[in-house]
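The values are calculated or read from the model by the stated rules, or taken from the named source; none is laboratory data. All of these numbers come straight from a predicted model, not from anything done at the bench. Ideal geometry is used to build each Cβ from the backbone, glycine not excepted, and the neighbour counts take in all protein chains shown. Ligands, DNA and RNA are stripped out before the accessible areas are found, and what is left, the full protein with its side chains, is counted by its heavy atoms. Shrake-Rupley method; radii C 1.70, N 1.55, O 1.52, S 1.80 Å.
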Amino acid sequence: MVKPRALKSGDRLAVVAPASPFNRDDFDRGVAELRRLGFEPVYDDSVFERRAYVAGPPELRAGAIHAAWRDASIAGVIAVRGGYGSVQVVPLLDRNEARRARKPFIGYSDLTSILTFLTIGCDLVAFHGPMLAGRIGAGESRYDRQSLLNALCRSEPIGEISVPALETIRRGEVHGVLLGGTMTQLLGSLGTPFPFAPPHGYVLFVEEVAERPYRLDRMVTQFRQAGLLAKAAAVVIGELPRCDEPAGEPSARAVMADIFRDFPGPVVIGFPSGHTAGPAMTLPLGVDCRVVADARPRLVIEEAAVE
């Protein structure tokens with residue numbers, strides 16, 4: 001895997017909108033928080049474009065990413081929000097430009113399409129982390145500052161990540177390359193020229209929001225039937241907020257525990273990255289990760305994500 005260059009205080013970060021449009025106040029608060037973190041946000045008026053449910057035409061959105069990759073004064077790229085639209089952008093992105101630029105790209109949710117393009121399609125480490133609207137712009141009650149800076153700014157392994165809400169579904173301990181993102185986007189890539197096609201022995205990270213238990217079952221079943229679970233050595237599941245049945249039963253966690261009861265490797269659930277009820281942590285995708293599923297489940301990021 002190609003690793004991006006580490007960020008440092010004062011670096012310029014391009015703010016892009018590959019998916020849906022956003023609230024301007026959310027945007028402004030996110031820009032202010034990036035400055036508080038020590039970075040200099042860079043954008044132009046094209047980021048405010050709107051076309052129905054997307055932030056302007058695909059060519060404009062892809063062009064902003066390419067411009068950031070080509071500009072030597074830009075150190076990294078961060079998205080404003082998810083929603084929908086990244087799949088329109090991916091076919092317009094240049095793999096060689098991405099690898100040549102070696103710049104951190106940060107996003108989640110709909111941006112999973114671009115994270116998959118970078119990690120699977122370009123062999124480039126990318127970051128499943130908070131975006132401006134609703135996360136960074138809402139302050140540290142909505143994003144985990146330390147994991148963001150550790151992932152992006154330290155050219156050494158992050159090491160152990162243990163969170164109180166993490167639970168073991170299947171015991172075990174393995175390591176492999178960490179890959180994944182939001183399930184709907186991962187599955188939506190199958191059958192396209194930009195599929196989620198991980199190597200054997202990888203660690204699968206999946207998360208979702210507001211998908212009822214039977215839909216989670218359907219998605220995991222598709223993962224299984226597509227051969228993606230057979231290739232995985234371990235599974236790390238997110239918090240799954242608003243995924244329980246309206247009456248409370250069955251819960252999303254109970255359904256996931258049942259679905260993965262026969263999985264041969266370790267499975268943990270409740271990792272707070274992406275859609276979370278509290279501060280969202282940043283996970284580097286494309287680096288070696290160890291999953292320890294026991295009475296004190298944890299992830300250990302064993303490889304630096306930047307250099």
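Would segment 269-277 turn up any residue that is at pLDDT 95 or above, closer than 23 Å to Val2 by Cα and not in a loop (DSSP other than H, G, I, E, B)? Checked against the condition, which is being at pLDDT 95 or above, closer than 23 Å to Val2 by Cα and not in a loop (DSSP other than H, G, I, E, B), segment 269-277 yields no hits at all.
Number of residues in segment 196-206 that are open to solvent by 40 Å² or more (accessible area, probe 1.4 Å), under 24 Å from Pro91 (Cβ atoms) and not aliphatic (A, V, I, L, M): the value is 1.
Within segment 245-255, does at least one residue satisfy the condition of being open to solvent by 10 Å² or more (accessible area, probe 1.4 Å), acidic (Asp, Glu) and in a helix (DSSP H, G or I)?
No, segment 245-255 contains no residue that is open to solvent by 10 Å² or more (accessible area, probe 1.4 Å), acidic (Asp, Glu) and in a helix (DSSP H, G or I).
Table: residues versus (1) more than 17 Å from the chain's Cα centre (by Cα); (2) charged (D, E, K, R).
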site: Phe27; (1), (2): yes, no
site: Arg35; (1), (2): yes, yes
site: Pro41; (1), (2): yes, no
site: Arg61; (1), (2): yes, yes
site: Ala79; (1), (2): no, no
site: Leu92; (1), (2): yes, no
site: Arg95; (1), (2): yes, yes
site: Leu115; (1), (2): no, no
site: Ile120; (1), (2): no, no
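Regarding segment 207-223, can at least one residue be identified that is open to solvent by 30 Å² or more (accessible area, probe 1.4 Å), over 24 Å from Gly176 (Cα atoms) and among the small types (Gly, Ala, Ser)? Yes, some residue in segment 207-223 is open to solvent by 30 Å² or more (accessible area, probe 1.4 Å), over 24 Å from Gly176 (Cα atoms) and among the small types (Gly, Ala, Ser). Please specify each residue of segment 213-243 satisfying the condition of being in contact with a Pro (Cβ under 8 Å, 6 or more places away or on another chain) and assigned to a loop (DSSP other than H, G, I, E, B). Those that are in contact with a Pro (Cβ under 8 Å, 6 or more places away or on another chain) and assigned to a loop (DSSP other than H, G, I, E, B): Glu239, Cys243. Scanning segment 166-195 for residues that are farther than 22 Å from Met281 by Cα and in a loop (DSSP other than H, G, I, E, B), we see that the one that is least open to solvent (accessible area, probe 1.4 Å) is Ser189. Among residues of segment 76-95 that are farther than 21 Å from Phe22 by Cα, those with a beta-carbon under 8 Å from a residue that is open to solvent by less than 10 Å² (accessible area, probe 1.4 Å) and not in a helix (DSSP H, G or I) at least six positions away or on a different chain give the pairs Arg95/Cys122. Scan segment 293-307 for residues that are within 23 Å of Ala252 (Cβ to Cβ), assigned to a strand (DSSP E or B) and among the hydrophobic types (A, V, I, L, M, F, W, C) and the total you get is 2. Tell me which residues, restricted to segment 289-303, are under 18 Å from the mean Cα position of the chain (by Cα) and surrounded by 23 or more Cβ atoms within 10 Å (Cβ to Cβ). Of everything in segment 289-303, those that are under 18 Å from the mean Cα position of the chain (by Cα) and surrounded by 23 or more Cβ atoms within 10 Å (Cβ to Cβ) turn out to be Cys289, Val291, Leu299. Listed by position, the helices (runs of 4 or more DSSP H) enclosed by segment 40-148 that each have at least 3 residues that are open to solvent by less than 10 Å² (accessible area, probe 1.4 Å) are 58-70, 112-116.
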